[in-house]
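Colleague: To start, I am sharing the structure in question, which I have written as structure tokens.
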Amino acid sequence: MRKSMSMTLGGLALVVSASVAADYPERDVRMIVPWGAGGGTDGIVRKISNLAEEPLGGTVYVENIEGGMSANGLVQALGARPDGYTLIALTYDSVVTIPWQGMLAGYDIDKLDLIARITSEPDAVVVPEDSRFDSLEALIEAAKAAPGEIRAGIQNMGSRTHLTLLQLQDQAEVEFKIVSYPGGAAPQKEALLNGEVDLALTSLGDFESLISAGDARGLVEFTDVQSESFPDVPPASELGYDIQMGSFVILAAPANTPDEAVTALEAAYQQAYDSEEFQSWLVDVGVTPNWLGTDEVEDWAEQTQDELFARMDELKEAGLIGQ
Amino acid sequence: MDYLIELSKGLAVLMQPDILPYLIGGYLIGTFFGAVPGLTSMLAIALLLPLTYSLDITAALVACAAIFMAGMCSGSITATTINIPGAPASMMTAIEGYPMQQRGEGAKALGHAALASMIGGALGAIMLMVMAPLATEAALLIRTPGKFSLIAFALIVIVISQRGAISKGLVATTLGVMVATVGIDVMQPVTRFTFGTGVLMQGIDIMPLVIGAFAVSELLVQSQNRASRTVEVDAIKASAIRRRDFIPPWSEVREIGVYRYVKTAIIGYGVGVLPGAGGSMAAFVAYAESMRSSRHPEKYGKGSVEGIAAAEGANNAMCSGAFVPMLSFGIPGDPTTAIVLGVLVINGLQPGPQFLDSQLALVAPMFMALLVAALVMVPLTLYVLGPWFVRIVSIRRDVLYASIAVIALVGCYVATYSIFQMGLALVFGVLAFLLRRQGYPVACLLLGFVLGPSLEEYCRRSLSLSDGNPLIFLTSPDSLFFLALTGVFYYFMVVRKPEARQHA
Amino acid sequence: MKSLSRLGSWLTGPTGVVVCLLALTLIYLLEAFKIAPPIKNGALTASFFPVALAVVMLLALGGVILSDRREAASGEASTEESEEESDNRDETTGAAWRGPVAVTLLTAGYIALFAHLGYFIATFIYAFTMTLAFATGRPSPQALAFKALVAGVITLLGYGLFELVFQVRLPTPWT
């Protein structure tokens, strides 16, 4: 009696989950982008979601919920029902800055099911075209000769770009004058152009329009692979620096989202990722495709977190960041 | 010469049957969103962004330009008729237009607003097409200390133009800046004034402030009266609005003067070119300058057509100015152009210094759309729909205000997806209502809020660049220029005014 | 009851507003200092600007008090005041306060129930009650029915606009 009951229940569960899998998605999927419409992350997520709709068999609509360095969007995602109909696009700040700073009580990435990483963009040093520094070595030499004078533009204090610069200062044993431009790469661009800073620290993709027009150039990328979009810019590893910093876009859902949904989403997005259209678009905008599927991305994210938390702790000890 | 040819080709493209509907449709959508309190043209573009995928990029750009221009003009409609500006950029129009409406001159006020929008918008578009590279170079001359002084200039001028209530103006402005400091600090990842709550960490969005300060407070004001329709309806019915009433009398236009229209357009365009400044700042600075140079400054605040002309002309000129840094460098001059930038990027285009040369054929229709929207759509819409606009006032009060309340609050939710921000709208509404009753200018509150964060950011960065030396504001030529300008305005508006009164 | 309304009138009157703002500024100032001392190691901190603002505000409030005193002393109302301003400046009588209070309470209720009851129900109730708040006198049954209809139309139009045209998710009781 009990055996047949459990068999029936098991069979029922199988049927139900199979029907969920067969029917998912039944309604529109909501993708939260915790950054402004028209920005870099927004562009990437919209593009790939658009291409993923067909293989997924449903619609994905993007909601921009900005503010709090992605905290606002996170709050919404965490509060949503884990039924596969709410997703969120994570970037560096969601994975590193917010948990480390403790800006969102109780939040860490284990509250989310990570689906896949799509892109990564290493940070870089960008100088104006007419800069007197034609290589990283030249810059470092000049910085050693004039400590605290060469002006380096970053984004927010305590942000990823700040961290990268601090690591460079640390490893090269130099000191720049740090000038901060919250609000993304746009004010950095302006500052580089009007001469308010001597160099800017952010991804090459952010400066793509200036680089291709010949108004700016990159000196180094903080990674260990040569970029295809920017073949003239050497990776830091080649120049003897062990710095790998950059942003990335990871798609995620609230924890305990049904496996069927996660699998379906991963498959659909991977198809979109592999498409010719997406790949060539990425080259155009200067972003590096860097797929990491569901089975690997969580480990990678945790590892990244551990490394960066340790770095940030070190820098905090040294009194270089934060209050 | 080639440039002109490309532009005229752009015009031809615009007139094609598969593109033109987007101009008209975009304009009408922009008018609706710009006029209704609780909705903004920026919201319209953001909501339509996904649709642009399926559209041809030219059509999408044309639609965006039309929405942008329309939104700036139509804010004046509700500002004049029901004293609730549809967009912060029309705040001044409410201050000047509503008194005119109450005198039965609403149609004329709308006409002046439209005329100014037309001229300002058209001049702005022309300046965009002709002067873009020059404007960019000029903008690059202004660095952070200069930007600080510019914002400080704007805020000081805002305060000193509250004749007779300067202290209250200062209180309101400072309050606005204080409200803007709630949330995460501008430069460092530190939370301020959040009292430990998670929700306040989001900071206070501009939507609840705008909706609260204008829509909700007006609702509260109106709920004090018990008349079933607003008093003016009888006056309107009696005079039977004719389409001709919308055309501003030539004598008044002449008195405003060509010089004023041109100056206003230049101010609007210039403010638009500077990244981060917005329509409300453009409108205000132009308004203040108009007041300073006016022969009848006492009329301001009671229904001055000069004031309307200045504010509306500037905010439409600003639209074109905002495209300059976006197209030249990919640096958006305003939230709406940031979204247009997104449209370009998603379609594989990256604005930059070469963009205007290589992609002129693509953006020419958009430039032309700005021009045509200003020159043709503005007067056309007013002519066709004008009488209906004015009749808004004759809707039964209970229906009218209930609708406004619902749309404004739901619009607030839609813009922020936050019930908390809806609650804030109510809080600010009550606050603004109480302040208004005591003669505190709410426009100042809003401008302080909008400009405050920039003021702080630029101040801190300037001092960080100069290693803490405050003299940087005097040694930087750009900063010195704006400080001197502040002095000039102070002289004309505070020092000289009492003399003028004595003579009169 | 009467003393409560007298307190209310004073609080929202000219001096009351100044006092409230003063209190607000002092709280703000205290909170600002809690964040950090304004200047640390020679650099500006996150609290520098707020502290400066609070100081400006205190000076401004001082200015308001002075100018109010001057006005009261000279005994004449400012001639610069527009008609609209003086209309709003009138002390509202007890009856006229009912309107704003009602609107405030209704709106607060709407916001509180928006997510729980979902868009349709909450908006319908709100629109209906708002039409009552702005009506004159006692509405007849036909008038009530008409208002209910209007409320329904408003709710539907809002739905059409936001959910259908713009694909925005309005809350439902079951999310």
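Colleague: Calculate the mean, over all residues of peptide C:45-57, of how many other protein chain Cβ atoms lie within 10 angstrom of the residue's Cβ.
Modeller: Average neighbour count from other chains, rounded to a whole number: 6.
Colleague: Tell me the label-point distance for the pair B:T475, C:L105, using the 7 Å Cα-to-Cβ offset, in nm and rounded to one decimal.
Modeller: Using points 7 Å along Cα→Cβ, the separation is 6.3 nm.
Colleague: Could you sort A:234-241, B:102-109 so that the peptide with the highest average Cβ count within 10 Å comes first and the rest follow in order?
Modeller: Sorting A:234-241, B:102-109 by mean packing, highest first, produces B:102-109, A:234-241.
Colleague: Hey, with R₀ at 60 Å, roughly what FRET efficiency would A:D313 and B:R295 work out to, going by the Cβ-Cβ distance, to 0.05?
Modeller: Computed FRET efficiency for A:D313 and B:R295: 0.35.
Colleague: How many angstrom lie between the Cα centre of segment A:252-295 and the Cα centre of segment B:284-353?
Modeller: The two parts, judged by their Cα centres, are 40 Å apart.
Colleague: Amide H of A:D123: which non-local residues (sequence gap of 5 or more, or other chain) have their own amide H closer than 5 Å, using H built in the peptide plane?
Modeller: A:F222, A:M245, A:G246, A:S247
Colleague: Let me ask another. Please work out the C-alpha center-to-center distance from segment B:264-279 to segment A:129-157 and express it in whole Å.
Modeller: Each part reduced to its Cα centre gives a spacing of 33 Å.
Colleague: Moving to a separate point now. Looking at chain A, send over the antiparallel percent of its DSSP beta bridges, to the nearest 5.
Modeller: Counting only bridges with both partners in chain A, antiparallel ones make up about 60 percent.
Colleague: Summing -39500 (n - 2.57) over the DSSP H runs of n ≥ 4 in the protein assembly as shown and dividing by its residue number, what mean residue ellipticity at 222 nm do you reach, to the nearest 500 deg cm²/dmol?
Modeller: Rounded to the nearest 500, it is -20000 deg cm²/dmol.
Colleague: Right, something else. Going by Cα centres, segment A:186-241 and segment B:135-168 are how many Å apart?
Modeller: After rounding, the separation between the Cα centres reads 34 Å.
Colleague: Further question: By DSSP, what percent of the beta bridges with both residues in the protein assembly as shown are antiparallel, rounded to the nearest 5?
Modeller: Rounded to the nearest five, the antiparallel share is 65 percent.
Colleague: If you don't mind, another one. Does anything in segment A:99-113 have its amide N under 14 Å from the 7 Å Cα→Cβ label point of A:N256, and if so which residues?
Modeller: Flagged as within label range: A:111-113.
Colleague: Ok, one more. Could you work out, residue by residue across B:173-184, how many beta carbons of other chains sit within 10 Å of that residue's beta carbon, and then give the average as an integer?
Modeller: That works out to 5 on average.
Colleague: Apply 1/(1 + (r/R0)^6) to the Cβ-Cβ distance of A:E141 and B:L134, taking R0 = 41 Å, and write down the FRET efficiency to the nearest 0.05.
Modeller: So the FRET efficiency works out to roughly 0.60.
Colleague: Each label point is 7 Å from the Cα along the Cα-to-Cβ direction; what then is the distance between the points at C:L4 and A:D170, in nm?
Modeller: The answer from the label model is 6.1 nm.
Colleague: If each residue of separation counts as 0.36 nm, what is the full-extension length gain between A:W291 and A:E54 once their alpha-carbon separation is subtracted?
Modeller: 83.4 nm
Colleague: Report ³J(HN,Hα) in whole Hz for each residue of segment C:104-120, in order, from the Karplus equation J = 6.51 cos²θ - 1.76 cosθ + 1.60 where θ = phi - 60°; Gly and Pro get x.
Modeller: After applying 6.51 cos²θ - 1.76 cosθ + 1.60, I find 4, 5, 4, 5, 4, x, 4, 5, 5, 8, 3, 6, 6, 7, x, 4, 4 Hz.
Colleague: Here is a follow-up. Applying the Karplus parametrisation 6.51 cos²θ - 1.76 cosθ + 1.60 with θ = phi - 60° to the phi angles of segment A:66-77, what ³J(HN,Hα) value in whole Hz is obtained for each residue in order, glycine and proline being reported as x?
Modeller: Per-residue couplings from phi come out as 9, x, x, 6, 5, 5, 4, x, 4, 4, 5, 5 Hz.
Colleague: Pop a pseudo-label 7 angstrom from the Cα along the beta-carbon direction at both C:A115 and B:R103 and give the gap in nm to one decimal.
Modeller: The modelled label-to-label distance comes out at 4.9 nm.
Colleague: I would also like to ask the following. Among rounded, prolate and oblate, which fits chain B when a ≥ b ≥ c are the square roots of the eigenvalues of its C-alpha gyration tensor, a/c under 1.5 means rounded, and a/b larger than b/c means prolate?
Modeller: Cα axes put chain B in the rounded bin.
Colleague: Now, a different point. So how do A:S49, B:S394, B:S418 line up by other beta-carbon neighbours within 10 Å, fewest first?
Modeller: Fewest to most other Cβ atoms nearby, the residues stand as B:S394, B:S418, A:S49.
Colleague: While we're looking at this one, here's another question. Just the Cα atoms of the protein assembly as shown: what Rg and Dmax do they give in Å?
Modeller: Final numbers for Rg and Dmax: 28.6, 107 Å.
Colleague: Kindly flag which residue pairs out of A:K316/B:K147; A:K189/A:K316; A:K144/A:K316; B:K9/B:K108; B:K108/B:K302 have an alpha-carbon separation exceeding 26 Å in this structure.
Modeller: In this structure, A:K316/B:K147; A:K189/A:K316; B:K9/B:K108 lie more than 26 Å apart at Cα.
Colleague: Then there's this: Using modelled amide H (1.01 Å from N, peptide plane; none on Pro or chain starts), what sits under 5 Å from the amide H of A:I32, excluding residues fewer than 5 places away?
Modeller: A:E63, A:L87, A:I88, A:A89
Colleague: Report ³J(HN,Hα) in whole Hz for each residue of segment C:27-32, in order, from the Karplus equation J = 6.51 cos²θ - 1.76 cosθ + 1.60 where θ = phi - 60°; Gly and Pro get x.
Modeller: With the stated coefficients, segment C:27-32 comes to 4, 4, 4, 4, 4, 4 Hz.
Colleague: Taking H placed 1.01 Å from N in the peptide plane, check which residues at least 5 places from A:A216 or on another chain put their amide H under 5 Å from its amide H.
Modeller: Under 5 Å from the amide H of A:A216: A:E129, A:I211.
Colleague: Then there is this: Send over the semi-axes of segment C:94-165's equivalent ellipsoid, whole angstrom and largest first, taken as the square roots of 5 times the C-alpha gyration tensor eigenvalues.
Modeller: 23, 17, 9
Colleague: Can you work out the PRE-style zone for B:L380? Point 7 Å along Cα to Cβ, and I want the residues of segment B:86-111 with backbone N under 20 Å.
Modeller: Counting backbone N atoms under 20 Å from the label point, the list is B:111.
Colleague: Assign unit charges at the C-beta atoms only (+1 for Lys and Arg, -1 for Asp and Glu), then state the dipole size of the protein assembly as shown relative to its Cα centre in Debye, rounded to the nearest 20.
Modeller: 5700
Quick note: the coordinates plus some simple rules give every number you see, no bench work behind them. The structure displayed is predicted, hence computed values, not measured ones. Here the Cβ is made from the backbone with ideal geometry for all residues, glycine too, and neighbour counts use every protein chain on show.
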